[in-house]
Amino acid sequence: MKKQYSFEKSVIFFLIIIIVSTFVFVNISCDIFIEKVVEKKEIENTGFEEIIDLPEPKIKGEMSLEEAIKDRRSIRSFDEKDLNLEQISQLLWAAQGITDERGHRASPSAGALYPLELYIVKKDGAYHYIPEGHKLEMILKGDLRKKLKDACLGQQWIEEAPINIVITGIYERTTVKYGERGIRYVHLEAGHACQNILLQSISLGLGAIPVGGFHDREVQEILNLEENYIPSLFTTL
Ligand SMILES: Cc1cc2nc3c(=O)[nH]c(=O)nc-3n(C[C@H](O)[C@H](O)[C@H](O)COP(=O)(O)O)c2cc1C
């Protein structure tokens with residue numbers, strides 16, 4: 001009788017061990033699976049995961065502000081030569097670079113709400129500018145300039161210029177405070193950013209042109225932008 005009882009005890013003990021180990025195994029496998037799914041989703045969301053640290057922008061140039069204002073003209077013919085990273089850094093900094101410790105930027109922004117997101121389109125792909133840390137992240141590979149030219153009513157210089165800076169705005173960031181009037185502010189801010197790029201380009205010895213003639217939706221599709229990223233103005237250099 002005692003032997004029988006001890007046998008049952010062993011079976012129960014054995015079963016408990018099996019149940020606990022199965023539970024632990026399933027739990028660990030689920031965790032690994034969930035981690036993999038989350039990791040994959042993050043990679044999909046951030047595209048190529050290629051982040052470029054831009055060189056430190058210079059705050060002294062060769063030309064006076066007055067000379068840059070006087071010399072600015074819209075240029076529609078360009079050298080094929082790519083801009084280097086120093087030039088790209090300087091242009092993006094002039095548009096949206098962070099210029100003080102509070103996080104305020106080179107261009108003014110209504111309520112300091114910073115609704116603009118900048119993209120550059122060049123021969124090797126499209127990139128998003130990240131003002132925090134002054135970085136670029138690659139979002140698409142390949143030369144999108146021809147497609148962009150088509151979206152810009154066939155304006156040839158979009159395809160020929162080495163770089164297009166696409167200034168987009170997210171209305172909600174500003175309308176949350178200013179209501180409908182915020183929409184106006186977003187486009188005004190795109191103009192401020194564009195003018196800074198234009199003046200900076202003169203000071204770097206580069207030609208540039210603002211381009212406002214394009215189909216918003218087509219530009220969004222080419223750059224794979226979400227619907228609330230509204231293309232406002234290009235600066236083509
Ligand atoms: C908001 C805005 C949008 C513009 N869009 C275009 C455009 O789509 N295509 C173009 O060739 N020029 C465009 N321009 C450039 C103007 O044609 C140019 O500024 C004007 O002819 C004056 O010449 P300037 O810039 O050399 O002084 C645009 C300018 C502004 C301010």
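Points to keep in mind about this one:
- Restricting attention to region 154-212, the residues that are under 19 Å from the mean Cα position of the chain (by Cα) and charged (D, E, K, R) total 3.
- Considered as a group, the residues in region 101-128 that are under 11 Å from Leu140 (Cβ atoms) and among the aromatic types (Phe, Trp, Tyr) include one that is surrounded by the fewest Cβ atoms within 10 Å (Cβ to Cβ), and that residue is Tyr119.
- Selection of first residues in region 142-156 that are in a helix (DSSP H, G or I) and of second residues that are away from the ligand (no atom under 15 Å from the Cβ) and not hydrophobic (A, V, I, L, M, F, W, C), restricted to Cβ pairs under 8 Å at least 6 apart or on distinct chains, gives the following pairs, ordered by first then second residue: Arg145/Lys122; Arg145/Lys123.
- Among residues of region 170-217, those that are surrounded by 15 or more Cβ atoms within 10 Å (Cβ to Cβ) and more than 16 Å from the ligand (Cβ to nearest atom), counted: 9
Only the coordinates and a few stated rules stand behind these numbers; no lab work does. Model, not experiment: these values are computed from the prediction. No Cβ is skipped: glycine too gets one built from the backbone with ideal geometry, and neighbour counts run over all protein chains shown.
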